[in-house]
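Each remark here refers to the structure printed beneath this line.
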Amino acid sequence: MARIVGGVGTSHVPSIGAAIDHGKIQDPYWSPLFEGVQPAREWIAEVKPDVAIVVYNDHASRFALDMTPTFAIGTGEQFTPHDEGYGARPVPVCQGDPEFAWHLAESLVLKEEFDIAMVSEMTVDHGLTVPLSLMFGQPHSWPCKIIPLCVNVIQYPQPTALRCYRLGQALRRAIDAYEPDIKVAIFGTGGMSHQLQGERAGLINAEYDKMWLDRMESDPGSLSQISHTELLREAGSEGLEIIMWLIMRGALDSEVRRIHRFYHVPASNTAYGLLVLENA
């Protein structure tokens, strides 16, 4: 039977990808961040997942604002990096797992009554590739199969934190029902606090971010009750991305063991957060 080896919550700041791509990992500005990520890399190299389900948001790359699914799962054989205006990142093509992805889609739609878009042809942008680079470095090929799970946190109306948490719980039931013996890691990406425009551009709320890290581990149910209004006020317009971490957390047991936690400011004009959890 399939089993979850752990969950990773991580920001997906695009400039982190640029730092990796241009060999700036050891630069004084970036080295503290990459040193803080290293224990997570060591953990994932040890557990060796067969598949990573990466929960992320598309940044008007594959899904322009004329078509914005609330939730979309990649069911294809491959997912190539998207050219976001400065050339596609020099990272490997993601190899998918169509059989597993279709099992997840079937379970989520027919058993759990989530309306999931199934996407067979799908490019992936920095929202997905930066977390992979953070966890796996710069390999010739990614060491596991990748299933993209895209969430709309861009175009109103976005799903609630509670809806994301419940999707994670439904995803766990689907994983548990998959018969092949595979190891699954689930990534929740995005955030933490940041705002890219308007009078509050550059906002970082470290106290609020650290509250999320605390409760993500010990009391995710309370986070699922937080409204969009509070998130926009406290974490900024782009800080709403943090609700995607709740999909990862919902897929884990209620009791978890923290493997690694890291928080760093600034990473470009945002706060960077990382949390690695295993089922207790």
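Each residue in the stretch 79-134 was checked for being β-branched (Val, Ile, Thr) and in a loop (DSSP other than H, G, I, E, B), and 5 pass. Going residue by residue through the stretch 246-269, is there one that turns out to be within 11 Å of Gly9 (Cβ to Cβ), surrounded by 24 or more Cβ atoms within 10 Å (Cβ to Cβ), among the basic types (Lys, Arg) and modelled with pLDDT of 95 or more? Within the stretch 246-269, one or more residues are within 11 Å of Gly9 (Cβ to Cβ), surrounded by 24 or more Cβ atoms within 10 Å (Cβ to Cβ), among the basic types (Lys, Arg) and modelled with pLDDT of 95 or more. Among the residues of the stretch 43-53, those identified as of a type outside the set (Phe, Trp, Tyr) and surrounded by 12 or more Cβ atoms within 10 Å (Cβ to Cβ) are Ile44, Ala45, Val47, Pro49, Asp50, Val51, Ala52, Ile53. Note on the stretch 190-226: among residues that are small (Gly, Ala, Ser), free of Cβ contacts under 8 Å to residues at least 60 places away in the same chain and touching a helix residue (DSSP H, G or I) at 6+ places or on another chain (Cβ under 9 Å), the one that is farthest from Cys164 (Cα to Cα) is Ser222. When the residues of the stretch 25-69 are narrowed to those that are assigned to a loop (DSSP other than H, G, I, E, B) and under 15 Å from the mean Cα position of the chain (by Cα), which ends up nearest to Gly250 (Cα to Cα)? Checked the stretch 25-69; the qualifying residue nearest to Gly250 (Cα to Cα) is Asn57.
The values are calculated or read from the model by the stated rules, or taken from the named source; none is laboratory data. From a predicted model like this one, the values you see are computed outputs, not experimental measurements. Glycine also receives a Cβ, built like all others from the backbone with ideal geometry; neighbour counts cover every protein chain displayed.
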